[in-house]
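Working notes, beginning with the structure itself.
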Amino acid sequence: MTDQGAVGTGAADRLELCAVMPVYNEEEIVGSVAESWLGVLDGLGIDYELVAIVDGATDASEQVLRAVAESHRRLVVDVKPNSGHGPTILRGYRRGVTTADWVFQTDSDDEMHAASFGELWEIRHDVDGVIGIRTSRNQSPGRRAISRLARLTARVAFGCRMADVNCPYRLMRSSALAPLLAPIPDDTFAPNVVLSGMLARSGARLAEVPVPHRDRTTGAVSILGWRALRAAVRSFGQTVRLSRTRIPKI
């Protein structure tokens, strides 16, 4: 792992927040996205780190982020071989629960803006997790079907009734998240679906907040068509298997 600008991670200097942002081939926009998040989090007065995890990008995403990190000490650039979005998120979560009291995940495509984060942060005191609900989201029929399958799977497997179980805009208390991560394999395709179910079954106090969503303006969706369908089937199987594990109550 390659870190740049890391803030102390010992018990004595535990952070309030670790914000996790997976990155894959977003060179056109990732610099401005990172700067936007840094500005919002600084403005809220949070003691945090923003961890941008570059998942084997083949473009200049790493170089762009390192340029931003030169003037922002709270930006951590973590570079690793490509393993996919799910494993990259898990890598960030496993780091976050050891460095901070809260873990947040967002994507690097700017489909959900940093400006919405303040609402999640404001209501955190009385809950263990705040999960976004993507609004104004344009989806192809195939993507819409996959989203419905994810929601149905989480409901059947875990009894989870969240509106957007795979939303990549979620704030979770580390003490609630950490024990749930242990049984999840590193290669899990859609860990957010699994974690939504686990949080619900664990008895975690959860809130859901609508977050405006807009279509991406740069880059491209990495999984489309039949690949997306196969991925959805794989995620379904993994979610069902993980639903059989013992989940500690909070």
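The values are calculated or read from the model by the stated rules, or taken from the named source; none is laboratory data. Since this is a predicted model, take the numbers as computed values, not measurements. Glycine gets a Cβ as well: all are built from the backbone with ideal geometry, and neighbour counts include every protein chain shown. Heads up: the accessible areas ignore ligands, DNA and RNA and are worked out on the full protein's heavy atoms, side chains in. Shrake-Rupley method; radii C 1.70, N 1.55, O 1.52, S 1.80 Å.
With every protein chain left in place, what is the accessible area per residue of the chain in square angstrom, probe 1.4 Å?
Numbers: 11100 Å² over 250 residues.
I get 44 Å² per residue for this part.
Taken along the Cα-to-beta-carbon direction at a fixed 7 Å, the label points for residue 58 and residue 175 span 4.6 nm.
Counting only Cα atoms, I'd like the Rg/Rh figure for the stretch 128-250, Kirkwood definition for Rh.
Values: Rg = 14.3 Å, Rh = 15.0 Å.
With Rg and the Kirkwood Rh in hand, the quotient comes to 0.96.
Could you give the distance between the Cα centres of the stretch 137-212 and the stretch 66-112, to the whole Å? Using only Cα atoms, the two centres lie 18 Å from each other.
With viscosity set to 1.306 mPa s and temperature to 10 °C, compute the Stokes-Einstein D of the stretch 29-149, Rh being the Kirkwood radius across alpha carbon pairs; µm²/s, no decimals. All intermediate terms of the calculation are to be shown ahead of the outcome.
Working: Rh = 15.9 Å.
Approximately 100 µm²/s, per Stokes-Einstein.
When exposed loop sites are taken as trypsin sites (Lys or Arg not before Pro) in a DSSP loop with at most 10 other Cβ atoms within 10 Å, the longest stretch of the chain clear of them is 1-243.
Computed from the Kirkwood radius of its Cα pairs, the Stokes-Einstein diffusion coefficient for the chain at 10 °C and 1.306 mPa s stands at 88 µm²/s. Using a Förster distance of 22 Å, how high is the FRET efficiency between residue 123 and residue 145, based on the Cβ-Cβ distance and rounded to 0.05? Efficiency for this residue pair is about 0.10.
Amide hydrogen proximity for residue 102: with H placed 1.01 Å from N in the peptide plane, the residues at 5 or more positions away or on another chain lying under 5 Å are 17, 18, 174. Atom-type composition of the exposed protein surface of the chain places 52 percent of the accessible area on carbon and sulfur (1.4 angstrom probe).
What 222 nm value per residue comes from the helices of the chain, counting each DSSP H run with n ≥ 4 as -39,500 (n - 2.57) and dividing by all residues, nearest 500 deg cm²/dmol?
Value at 222 nm, helices only: -12500 deg cm²/dmol.
How big is the stretch 16-66 by the Kirkwood estimate over distinct Cα pairs, in Å? Let's see the in-between values first.
On the way: mean 1/r = 0.0884 Å⁻¹.
Over the stretch 16-66, the inverse of the mean reciprocal pair distance is 11.3 Å.
Taking θ as phi - 60° and the Karplus parameters 6.51, -1.76 and 1.60, the scalar couplings of the stretch 186-198 work out to 5, 9, 4, 6, 10, x, 5, 5, 4, 5, 4, x, 5 Hz in sequence order, x denoting glycine and proline. Between residue 207 and residue 70, residue separation times 0.36 nm minus the direct Cα-Cα distance comes to 45.7 nm. For the chain, DSSP calls about 25 percent of its internal beta bridges antiparallel.
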